[in-house]
Every structure is written in C-alpha cells, then in structure tokens.
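Asker: The structure's right below; bear with me while I get my questions together.
Values quoted throughout were computed directly from the atomic coordinates according to the rules given, and no laboratory measurement underlies them. No experiment lies behind these values; they were computed from the predicted model shown. Positions of Cβ are backbone-derived with ideal geometry, glycine not excepted, and every protein chain shown enters the neighbour counts.
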Amino acid sequence: MPIAAPKPCRHPSCSALVSDGSGYCIAHKRDRNANRYAGDNRGSRHKRGYGTAWDKVRRYVLTRDGGLCQPCIKMGRVTEAKQVDHIMQKSEGGTDDESNLQAICVACHKTKTAREASHGRGVSKV
C-alpha cells in the first residue's frame, strides 16, 4: 500500500508535516482531542431542553409563521426561516412558550445571537 504524502499539521500556524494520518504533529496531538470535546460542558441537546418536545414546538412555530423569518418581515423582506428563536432569551427569563418563539432565518439568528452575547458581556455596539 502506498504511503500518503505528508500534510501540514492542522493546528493553526503550525507548518510541521504529518505523515501518520492523525492530522497533528507530535507537539499538537493533544489538541486533536481537546477540540473534539470543547463543547461537552454544554451537555447534549436533550439535556439543554431541546429534545422531542422542542422538535414538536419548533415545527409548530415554523408552520404558524408560514416558514418566513419574522424579523425580515418587520424590515419589509421575505426570507425563508430555517430556525426558531426565543424572542426573550432563556438566560433573561424567557421561556419555551409559543408566544416567546419566532421563526427566523440563519442570518438574522446569527446577528441577534451576537448582539445578545455582546450585551451579556457588557460590550456596547454602535
């Protein structure tokens, strides 16, 4: 069986060549496992409350809102919604009640999440 050509280490800014198939040089092999489990402290989606019941509510909200992004509609645009968002985030006291949920497109959801995260850190955005 032929040997594969060496490839650069996957660690950012490392130029060491790796030929063992792991993707990381000896100095960065530990990062391989660290990156794989970085989000484990959040728990699974079920442990965070996004199990079968959430899937049903999510489908209902997307149907209720006609599959359209509600923030985009308020701005006069028509965009397909792929996600469901908590209008008042759970960390601020929001609930999974249907009245606190809205259909939202990926772009609006990313923008809203970033705005809420910067607000939570006390960073002011102009």
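Asker: Using per-residue counts of other Cβ atoms within 10 Å, averaged over each peptide, order 103-111, 66-74, 88-96 from highest down.
Answerer: Result, highest mean first: 103-111, 66-74, 88-96.
Asker: What ranking of Asp55, Asp85, Asp65 emerges when the number of other C-beta atoms within 10 Å of each C-beta is taken as an exposure proxy, fewest first?
Answerer: Arranged by neighbour count, lowest to highest, Asp55, Asp85, Asp65 become Asp55, Asp65, Asp85.
Asker: Amide H neighbours of Val18 under 5 Å, counting only residues 5+ apart in sequence or on other chains, H built in-plane at 1.01 Å?
Answerer: For Val18, whose amide H was placed from the backbone, the distant partners under 5 Å are Lys7, Cys9.
Asker: Using all C-alpha to C-alpha distances in segment 52-120, build P(r) with 5 Å bins and read off the rounded percent in each one.
Answerer: 3, 18, 27, 26, 17, 7, 1
Asker: Hey, another quick one. Residue-wise, which Karplus ³J(HN,Hα) couplings in Hz belong to segment 105-114, taking 6.51 cos²θ - 1.76 cosθ + 1.60, θ = phi - 60°, and x for glycine or proline?
Answerer: Working through the residues one at a time gives 7, 4, 5, 5, 5, 4, 4, 5, 5, 5 Hz.
Asker: Let me ask something additional. Quick check on my link table: of Lys47/Lys74; Lys29/Lys82; Lys47/Lys82; Lys7/Lys110; Lys7/Lys82, which ones sit more than 31 Å apart, alpha carbon to alpha carbon?
Answerer: Lys47/Lys74; Lys29/Lys82; Lys7/Lys110; Lys7/Lys82
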